[in-house]
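Structure record follows, encoded as structure tokens.
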Amino acid sequence: MERDRLIMGLAAVFAGITVLLAVLGLSYSLFLLVLAIPFGATTYFMWYQASGRLAEQARSRRVRREPAGFGAGARRENVRENRRRARHNGRAGGRTNGRSRTGAPRTARGPTRVEAYRALDLEPGASTAEVKRAYRSKVKEVHPDTEDGDEESFKRVNRAYESLNE
């Protein structure tokens, strides 16, 4: 998150330069006003990146694109139907009450705290340092690039760590 603060600081500097050039452009020369436009655009894009809206937009636009061709329309309908079913069933894997197997309510994104501790092989109530240490060692074990690792376990460990850090 330090990078975002740096970008936001730079955006503030560029905003100051933009305002200064705009005021001087209105007072002295129209050339300075034209010069303020790229600084203003740079300010906007830096703010857009640092605020997280750019990443959010990229995630929302990320759609699995299927090759066009014969029968492509039917596959799109199947994808839509599967998405509708997933929304209807919820994230609980067919359990529509929104609760996990342990009976604890699920968080909006990912496992419950108990499931997250279990995924990291920790006792509930572990300290932040212990969670971080367990996460790092567990990720090394289950990373897809290792011999015994697989992508689903890696994702499960990442979701567990994210839910414990919220």
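Cβ-Cβ distance of Leu20 and Asp121, R₀ of 35 Å, FRET efficiency by 1/(1 + (r/R0)^6): the value works out to about 0.05. Full extension of the chain between Glu162 and Tyr44 yields a length gain of 39.5 nm, computed as 0.36 nm times the residue separation minus the alpha carbon distance.
At a Förster distance of 45 Å, what's the computed FRET efficiency of Leu54 paired with Lys140, Cβ-Cβ distance as r, to 0.05?
0.90
For Phe31 and Leu10, what is the calculated FRET efficiency with R₀ set at 22 Å and r taken between the beta-carbons, to the nearest 0.05?
0.35
Extension gain, Glu147 to Ala129: 0.36 nm times the residue separation minus the Cα-Cα distance gives 3.7 nm.
Rule-based calculations on the coordinates, nothing more; no lab input. Only a predicted model underlies this, so the values are computations on that prediction, with no experimental measurement involved. Here the Cβ is made from the backbone with ideal geometry for all residues, glycine too, and neighbour counts use every protein chain on show.
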